[in-house]
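The values are calculated or read from the model by the stated rules, or taken from the named source; none is laboratory data. Fair warning: this is a prediction, and the values are worked out from it, not measured in the lab. So basically every Cβ, Gly included, is an ideal-geometry build from the backbone, and we count neighbours across all protein chains shown. What goes into the accessible areas is simple: the full protein's heavy atoms, side chains included, and nothing from ligands, DNA or RNA. Shrake-Rupley method; radii C 1.70, N 1.55, O 1.52, S 1.80 Å.
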Amino acid sequence: MKPMLSRLLAALALAAVALPALAQEVVVYSARNEQLIKPLFDAYTRETGVAVKFITDKEGPLMARLKAEGKNTPADVLLTVDAGNLWQAAEEDLLRPIKSPVLEANVPRHLRDPDNEWFGLSVRARTIIYNPTKVKPSELSTYEDLANPKWKGRLCLRTSKKVYNQSLVAMMIHEYGEEKTEAIVRGWVANLATAPLPDDTKAMEAVAAGQCDLTLVNTYYYGRLMEKNPKLPLAIFWPNQTLQDKSAGVHVNISGAGVTRHAKNPAGAQKLIEWLSSEKAQNLFADVNLEYPVNPRVSPDPRVAAWGGFKQNLVNVKEAGSLQAKAVKLMDRAGYK
Ligand code: FE
């Protein structure tokens, strides 16, 4: 009895010593705001006992800070939106590759870095929003069709300065090549009803106000605006659904995360990202911002599901980053401000 008890006590003592190491906190630099991430991190801490410290800022300053801090950074995880930004972080060697069967199972291949430095955690679709009193859905088909002269004076677009449109055009360059993409973007510009608008919400408000008939936005902005004002004459259309080639499907992008190059707690960082991709965390992560879960085994929030299902474009979102510089130059040449 006695030796067994002492063995048990010894085991307990070991566990007690091991615990603080296991429970070492994880530090997150987040471009998603506090209101979106705090409930998640609180849930993670309740479940695991691991504290999550975080700071929030725009992706530019966060990445500059990571770079400036170098080896001394306290950050274990970088959490940001748009594959263009995550690709940039990987390019600047701010992230490290990780081997995670959990993330490989939970995150579809086109929504994570082929080199495993970042992983999508939620999906946003960049799609067509139209005024149903002016446009019949049967008139709509593809992104490229928005260059058709039939839309002259009827299109509104957000400024090309935002990464969202840069990523969209980058993905189009990947599909069509530069020449065809430039012709499409020139067509869009020729169809503009107004100068490019500062954000997705303003673009939809212009459509609702009758300044133009249709625009391109991320779905969660549509969800937010319609929650505030359900009577707005705005409807959602999923383009490129009947095509069979690589341009098939709605353009999607991600919010996502990676483990930092100089993480002090890389194992803890990986566990947190894996948890965020899990079935129990995915709704918490996506629903709060009216996004789609990245994990295909998780259903979207009913408010989001009500917009209908759609086929995603399956080109890896990393192209949004690798072709970003070309996209910016192309939009400039095409006169897209
Ligand atoms: Fe956004």
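Each label point is 7 Å from the Cα along the Cα-to-Cβ direction; what then is the distance between the points at Asp245 and Lys337, in nm?
3.3 nm
Among the lysines, which have Cα under 19 Å from the Cα of Lys329 when same-chain residues fewer than 8 positions away are ignored?
Of all the lysines, those that pass the test against Lys329 - Cα under 19 Å, at least 8 places apart if same chain - are Lys161, Lys162, Lys180, Lys318, Lys337.
Would you mind checking which residues have amide H under 5 Å from Asp213's amide H? H placed 1.01 Å from N; only 5 or more apart, or other chain.
Here Leu155, Cys156 satisfy the definition.
State to the nearest 20 debye the size of the charge dipole of the chain about its Cα centre, where the only charges are +1 on K and R beta carbons and -1 on D and E beta carbons.
Value, rounded to 20: 300 debye.
Tell me, how many Å apart are the Cα centres for segment 44-80 and for segment 115-149?
Segment 44-80 and segment 115-149 have Cα centres separated by 32 Å.
How long is the gain from Glu139 to Lys329 if the chain were fully straight, where each residue apart is worth 0.36 nm and the alpha carbon distance is subtracted? Write down the numbers at each step before the final one.
Details: separation 190, 0.36 × 190 = 68.40 nm, distance 3.07 nm.
That works out to 65.3 nm of additional length.
Please compute the per residue accessible area over the chain with all protein chains in place, 1.4 Å probe, rounded to a whole number of Å².
That works out to 44 Å² per residue.
What spacing in nm lies between the two simple spin-label points modelled at Ala190 and Glu227, each 7 Å away from Cα in the Cβ direction?
Here the modelled spin labels are 4.1 nm apart.
Which percent of the accessible heavy-atom area of segment 118-186 goes to carbon and sulfur, probe 1.4 angstrom?
Roughly 54 percent of what the probe reaches on segment 118-186 is carbon or sulfur.
Given H placed on each backbone N at 1.01 Å, which residues far from Asp76 in sequence or on other chains put an amide H within less than 5 Å of it?
Amide H to amide H, under 5 Å and 5 or more residues apart or across chains, Asp76 pairs with Val27, Val28, Tyr29.
In straight Cα distance, which lysines are under 17 Å from Lys134, not counting same-chain residues fewer than 8 positions off?
Here the lysines satisfying the reach criterion relative to Lys134 are Lys150, Lys152, Lys231.
Simple spin-label model, 7 Å along Cα-to-Cβ: Glu69 to Glu47 in nm?
Going by the 7 Å Cα→Cβ label model, 2.5 nm.
Taking the alpha-carbon centroid of each part, what is the distance from segment 87-105 to segment 288-337 in angstrom?
Cα centres, segment 87-105 to segment 288-337: 19 Å.
Relative to the Cα centre, what is the charge dipole magnitude of segment 111-209, using +1 at the beta carbon of each Lys and Arg, -1 at the beta carbon of each Asp and Glu, and rounding to the nearest 20 debye?
560 debye
Given R₀ = 41 Å, what would the calculated FRET efficiency be for Ser278 paired with Lys180, taking r from the Cβ atoms and rounding to 0.05?
Taking R0 as 41 Å, the efficiency between Ser278 and Lys180 is 0.50.
5 Å is the cut-off here: which amide hydrogens, built 1.01 Å from N in the peptide plane, fall below it relative to Trp118, excluding neighbours closer than 5 in sequence?
Asp113
Once the convex hull of the alpha carbons of the chain is built, what does its volume come to per residue, in cubic angstrom?
Dividing the Cα hull volume of the chain by its residues yields 141 Å³.
So what J values fall out for segment 153-170 if you push phi through Karplus, 6.51 cos²θ - 1.76 cosθ + 1.60 with θ = phi - 60°, rounded to Hz, Gly and Pro as x?
These are the phi-based 3J(HN,Hα) values: x, 10, 9, 10, 9, 6, 3, 6, 6, 7, 4, 4, 6, 4, 5, 4, 5, 4 Hz.
What ³J(HN,Hα) values, in whole Hz, does the Karplus curve 6.51 cos²θ - 1.76 cosθ + 1.60 give for segment 182-190 when θ = phi - 60°, with x put for Gly and Pro?
So the Karplus estimates, Gly and Pro as x, are 5, 4, 5, 5, 4, x, 4, 4, 5 Hz.
Tell me, what ³J(HN,Hα) does each residue in segment 285-297 have, in order and in whole Hz, if you take phi through Karplus 6.51 cos²θ - 1.76 cosθ + 1.60 with θ = phi - 60° and put x for Gly and Pro?
6, 8, 5, 4, 10, 6, 9, 9, x, 7, 6, x, 7
Quickly estimate the mean residue ellipticity at 222 nm for the chain, helices only: each DSSP H run with n ≥ 4 gives -39500 (n - 2.57), and the total goes over all residues, rounded to 500. Kindly include the intermediate steps, with their values, before the conclusion.
Values: 14 runs with 147 residues, N = 337.
-13000 deg cm²/dmol, from helical runs alone.
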